[in-house]
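Scroll down for the structure; my scribbles are underneath it.
The values are calculated or read from the model by the stated rules, or taken from the named source; none is laboratory data. Worth saying up front: this structure is predicted, and the values here are computed from it rather than measured. FYI the Cβ positions are ideal-geometry reconstructions off the backbone, even for glycines, and counts take in every protein chain you see. Only protein heavy atoms, including side chains, enter the accessible area calculation; ligands, DNA and RNA are left aside. Shrake-Rupley method; radii C 1.70, N 1.55, O 1.52, S 1.80 Å.
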Amino acid sequence: MVVSEETQPTVEGDAVKSKKAAKKAAKAAEKQQKKAEHKGTVVQNEAPEVDVSEGKYGNLKLIQSTGEHRDRVYTDVKDLGVHLDGKEVWVRARLQTSRAKGKQCFAVLRQNSSTVQLIISVNEELGISKQMVKFTGNITKESIVDVQALVVRTAAPVEACSVRDVELSARALWRVSAARAQLPLLVEDAARPETDDPESLKIRVNQDTRLDNRVLDLRTPANQAIFRIEAGVCRLFRDILTKRGFVEIHTPKIISAASEGGANVFTVSYFRNSAYLAQSPQLYKQMAIAADFDKVFTVGAVFRAEDSNTHRHLTEFVGLDLEMSFKHHYHEVLDTIGQTFTDMFRGLQEQFASEIATVGQQYPVQPFKFLDPPLRLEFPQAIEMLKEAGVTVGEEDDLSTPDEKLLGRLVRAKYDTDFYMLDKYPLAVRPFYTMPDPNNPRASNSYDMFMRGEEILSGAQRIHDPDLLTERAKHHGIDISKIAAYIESFRLGCPPHAGGGIGLERVVMLFLGLDNIRKTSMFPRDPKRVTP
């Protein structure tokens, strides 16, 4: 084969090219080696960065009650003040907010409804490193922390916190329990005042969002105060009646027949039969009176299967019920109940002034007014007041909700009270066990009590004669066989007696002037809600 000169390989040229490539590769390798050596020298020459705060911050190991740190004394946020200026304290609280700025981090700690400012600044002498400051700034809102800090008097009041005259200067900080980064609502948003001020922030957390995330919502200062006031109502109710010689009893919540003869009951499966959730402890309070307890009260759950989606109705609420025997007139009982309310209102204003003020910061309302002794009107007087205001109500009709609210405004304007009692209701609108008025066959010995124009108690003298009771039950179309045990208790001799039932959540709602009963029920139940 003959190869042309143009296609014949040039061995010399290839050799030159190979030498050049090898030389270039060698130079690149040498350069890379020098870089690596230089880098290694720099790393070796640089001293490793020391965290002077090591052991003073981080994630606390899971608390499993091993007994560690049991000698550590914690101070409540509400107890911080100038009397502790210059002293070191331990505080466990939630980190409500944090803001890192340069070598400092400002945070607000919250415990219940009390808040205090925390400052952590880089300071080598105190062993506070930038890593510790950065760690604090990265803690998620609502996490629980343990802080060891110096109490420092502030030059000017810290307006954003409830503790205003001192702040905390951190020395150690441990995250005890972390909250997730994305929260369904912010506590500071849920706590914003509801005001008509055009310059205020219009951020609002709607009611369903609050109730769906009730644990977060309950952390607001107003909610913390509301449920402490609610606990106060229960305690005062118990204390006042106990001092008056009442005995606390506990009645069944599973019953064989509707308490009040109506259809608004929850039916439950009871082995091979059906039973009902109690609408009221009514029948059992009366049986306790027949058993010679004379004065009784009970605090417990009450169930109403009413499809009422209003601002004041729940399907489960807390009932404060009382019953007492009397000698001559049911007004002996009416006066006792009225004075119990008066004493309760006074006790709330004296013992829960700061909580009432806290609620007022978010929900501005007029202070609750009451008279001592309380105002008592008769039903015909109420009808006349409404008639003068242009509203006509039949003599044997019950008051509608709008009528009650209007009457409340009329009573406040005329008598300067938010609480009053309305006596002598028409017999036709009361339960079967209500004693008829002896002087007026259309009236009854029954009464309601009102706060800010809304009913909070319904009560009456009960029929204690078994024959009259049977007659009235038949008149109401009640199956006598289902209340046989109740009627039978009066065949054994029973003193005249009266009482009433109070809705706890409604009392708190109206005392504070709130617009919805779900604000005063910790975990409300209504026709559309059975969770959380």
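Okay, here's what the table says:
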read-out: Three-way shape call for the chain based on the alpha-carbon gyration tensor, with the a/c threshold at 1.5; value: prolate
read-out: 5 angstrom amide H check on S129, placed H, neighbours 5+ away; value: S53, N123
read-out: Among the listed pairs K295/K387; K56/K101; K285/K327; K61/K130, those beyond 28 Å (Cα-Cα); value: K295/K387
read-out: The range 118-234: relative contact order as a whole-number percent, Cα under 8 Å and 6+ apart; value: 21
read-out: Cα-centred dipole magnitude for the range 424-503, charges only on beta-carbon of K, R (+1) and D, E (-1), debye, nearest 20; value: 60
read-out: The range 184-313: antiparallel DSSP beta bridges as a percent of all, rounded to 5; value: 75
read-out: 1.4 Å probe accessible area per residue over the range 289-365, in Å²; value: 41
read-out: Long-range amide H partners of T140 with built H, under 5 Å; value: A179
read-out: Taking the range 426-524 and dividing mean pair separation by its residue count, relative contact order in percent (alpha carbons under 8 Å, at least six apart); value: 24
read-out: Packing rank of 164-174, 239-249, where each peptide gets the mean count of other beta carbons within 10 Å, highest leading; value: 164-174, 239-249
read-out: Heavy-atom surface of the range 40-153, accessible at 1.4 Å and reported per residue (Å²); value: 60
read-out: DSSP-assigned coil residues among GluC sites (Glu not before Pro) in the range 60-139, each with at most 12 further Cβ atoms within 10 Å; value: E68, E124, E125
read-out: Positive dipole terminus of the chain, leading residue within Q461, H313, A26 (C-beta point charges); value: A26
read-out: Cα gyration tensor, the range 115-159 - rounded (a/c under 1.5), prolate or oblate; value: oblate
read-out: Share antiparallel - DSSP beta bridges, the range 378-506, percent rounded to 5; value: 95
read-out: Residue (of T470, S444, S489) at the positive-pole extreme of the range 379-509, dipole from beta-carbon charges; value: S489
read-out: Relative contact order (%) - the range 207-325, alpha-carbon pairs under 8 angstrom, separation at least six; value: 22
read-out: Probe 1.4 Å, protein heavy atoms only - accessible area per residue of the range 415-532 in square angstrom; value: 37
read-out: Cα-based shape type of the range 274-360, given that a ≥ b ≥ c are square roots of the gyration tensor eigenvalues and the cut on a/c is 1.5; value: oblate
read-out: Total charge dipole magnitude, the chain, about the Cα centre, Cβ charges on Lys, Arg, Asp, Glu only, Debye to nearest 20; value: 2540
read-out: Rounded percent of accessible protein surface that carbon and sulfur make up, the chain, 1.4 Å probe; value: 51
read-out: Lysines whose Cα lies under 23 Å from that of K78, excluding same-chain neighbours fewer than 8 positions away; value: K87, K141
